[in-house]
Amino acid sequence: MIDFKEKVSETLSLRTGAEVTIEWRINIKGVMTGWCRLREAALILPAAEAVAGLEGRLSMITAYLSDSAKQKGVREIAFHFDLDGTTLTLGIELPLEGARIPSLTPLFRNADWHEREFMELYDIQVIGHPAPRRLFLDRSIDPAAFERLIPYSTFSNGANSKALWEKVMARSGNNRKELQ
Amino acid sequence: METRPVINPIPPVRLYRINAGSCNGCDVELAATAAVASFDVERLGCCYSESPAEADIVLITGPLTLRVKDKVLRLHGEVPKPKVTVAVGVCPISGGVFRDSYAVAGPADDYLPVDVNVPGCPPHPRAILAGIAKAAALWRELSGCGQTLPEPAVPGSYDEDAAAPLGLRGKMRFNAAACVGCRMCEHVCAGGAIRIDELGPGLRFTLWHNSCVFCGLCSHYCPTKALTVTDQWQLSHFQEDKFSLTEQGFIPFVACTGCGHIMLPATPELLRVSYRKTNPEIERLKTLCPECRQKQSLGGIRR
């Protein structure tokens, strides 16, 4: 196990040319996960090459814009890899405006959907994607939809329920005698 | 050649069915009213029509989704007046579990006049028949076709006295005396049919049957079984009763005998669930608020 941890750290450091520290955690069920932060966006490509060299797979990519990150003036993206059953997550801070990240699609084909998805939902540009066409949204809609638009469900905010319940409470004829 | 005299040719009341984005649950029950002899609408002197222009009564299922709204309104408009509209299932009545979705335009009565509601998710075929019977009577009154309904072929096929099938989940019943005000029912309610309001002297429980989907989750999770599922399937009603079809109860707060703070009463059902049976010590402690109980416990039991 120690060999495995060292091997992963060494390979990642070697490929990225930067000191890579991975925090390994083991949960109550004995499942090990690795957590690591990369200094800059460009490092994800050599890091992913290192994972591919270790016969790892890409599980998924998560772009997110948390309130705490926003306050710091950054956004985050996390790449989740699988190394023979152990999940390794590489997180990167990106700028709020003009974020750019190299595409992993040439390395891992399943990166295609994730990259196309976060390109349309967030203001993140993917460099070197072989076919950066829309995944869900119509071409007439500008990208970064999550950052510009309010979901209709949030917008309506239970207004229908509120209106119906007001009528129910007014007419249920039982505005009770206990209160009088 | 012998010819039989035509007996009592009362023209049937024609029903037209519109699916306004339904999950098809109610439509399957409607199919039972066309295909299963004991639930057949013909017993009520009704028949299904394939053309809105030839219909008298409109049956609407589904929450009226945005996608079908205009088509539904067009079809409904094609039914000649006087027409009677029946909302079948909680979806067209209140939106049911789909209420507040961005894809739902309903409730149906925001866009078209509804006369009769048959709540349920789905309603039992007999509840649908009872609703159609109400609608047919109303239509005959409006249209001046004063004939009374034929007696159902099998007595009790849609009346309220008929025995419910075993295990049928019908309307919920609330027993305020057993409620501990934990609000779990409000939390788990799939249809958003329950709300509990805190008023000065206590908690007010309200369950709106027109949003209840008979799932029974509230009863399942109720620790003291203050909510129980009954087999009462007959909930069809005229539109004027739509918002008053509720089950209400009031749980008055009591004052702690130690400090006078108001608190929810510890009901006998709660004590039974917690301790199986009670004793004088429990009876005394139940009148105290948690803080006073804690103080008593720290001070040791005084016997």
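For this structure, a couple of remarks:
- Qualifying residue in segment B:236-257 (condition: in contact with an Asp or Glu (Cβ under 6 Å, 6 or more places away or on another chain) and aromatic (Phe, Trp, Tyr)): yes
- If you check B:123, B:82 for being assigned to a loop (DSSP other than H, G, I, E, B), more than 29 Å from residue B:192 (Cα to Cα) and touching a residue at least 60 places away in the same chain (Cβ under 8 Å), only one passes: B:82.
- Considered as a group, the residues in segment B:230-247 that are surrounded by fewer than 19 Cβ atoms within 10 Å (Cβ to Cβ) and within 15 Å of residue B:171 (Cβ to Cβ) include one that is farthest from the other protein chains (Cβ to nearest Cβ), and that residue is B:231.
- Among the residues of segment A:10-58, those identified as farther than 21 Å from residue A:114 by Cα and in contact with a Gly (Cβ under 9 Å, 6 or more places away or on another chain) are A:11, A:15, A:22, A:23, A:24, A:25, A:31, A:32.
- Selection from segment A:1-21 of residues that are surrounded by 12 or more Cβ atoms within 10 Å (Cβ to Cβ), part of a loop (DSSP other than H, G, I, E, B) and more than 21 Å from the chain's Cα centre (by Cα): A:18
- Residue B:83 surrounded by fewer than 24 Cβ atoms within 10 Å (Cβ to Cβ), in contact with a strand residue (DSSP E or B) (Cβ under 7 Å, 6 or more places away or on another chain), more than 14 Å from chain A (Cβ to nearest Cβ) and over 30 Å from residue B:165 (Cα atoms): yes
- Of all the numbered requirements in (1) over 22 Å from the mean Cα position of the chain (by Cα); (2) within 14 Å of chain A (Cβ to nearest Cβ), residue B:106 misses one, and that requirement is (1).
- Beta carbons closer than 8 Å, at least 6 apart along the sequence or on distinct chains, never pair a first residue in segment B:259-284 that is under 14 Å from residue B:222 (Cα atoms) with a second that is among the aromatic types (Phe, Trp, Tyr) and surrounded by 13 or more Cβ atoms within 10 Å (Cβ to Cβ).
No value in this document is a laboratory result; all are computed from the given coordinates. If you're wondering where the values come from, they're calculated on a predicted model, not measured in any experiment. Using ideal geometry, Cβ is built from the backbone for each residue, glycine included, and neighbour counts are taken over all protein chains shown.
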